[in-house]
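Note sheet for the following structure.
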Amino acid sequence: MSDKVLIPGEYVGPGEVYEESSSTHLEGDDIYASTVGVANESEGKFNAKADKPPIKPGEIVYGSVLLVMDSFAIVLISPPEKNGKIPAAPPEGKIPVRAMSSGFTPSTRDAIRVGDIIRAKVVKIEGEKAELSMVDPNLGVIKAFCSQCREPLDKTSKGLVCKNGHRERREIANDYRAYGKIML
């Protein structure tokens, strides 16, 4: 039988034929791909074309905000390139509202918005998601965009302002927009 190329979430085969690895996950008795790779039935192995990035508690990560709800936000974590491979399925992180700042934050929308680029600390790993925190002066939004015109927001004495004069609030890192180039 020939090898087959699979993408994350596709069925690899039964657990009796294929071995579970860092590139796959087990659901019931079946093996599913966690990264892009090739399933080799004769060897019973799934060979990843991309590495699944290891994320550990205590690490500082960068990401882009995908979804903002009142009590939490979902962030697409941007893993670094490793050995010339870029992960095919970047991990996601969740930031609860209690982890947005050291003070009281009534709503997640008061701290971040969709499209913002953030720096956060990994608190714990639960399954495929990482719980993140921005409670530190070095953590928070490092680049934000106006929610009205999508222009980058600049830090001024009056807060964050876009070139069109719109003012917005975010929980920014102490080095907002001074981080250099980040490949996201």
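Read-outs: derived from the displayed coordinates by stated rules, not from any lab. Note that this is a predicted model, so its numbers are computed, not measured.
Overall shape of segment 4-48 was characterised from the C-alpha gyration tensor. The equivalent ellipsoid obtained from it has semi-axes of 13, 12, 8 Å, in decreasing order. Counting lysine pairs in segment 60-168 that sit 8 or more residues apart in sequence, or on different chains, and whose Cα atoms lie under 21 Å apart gives 12.
Relative contact order of segment 60-168: 22 percent, from C-alpha pairs under 8 Å at least 6 residues apart in sequence.
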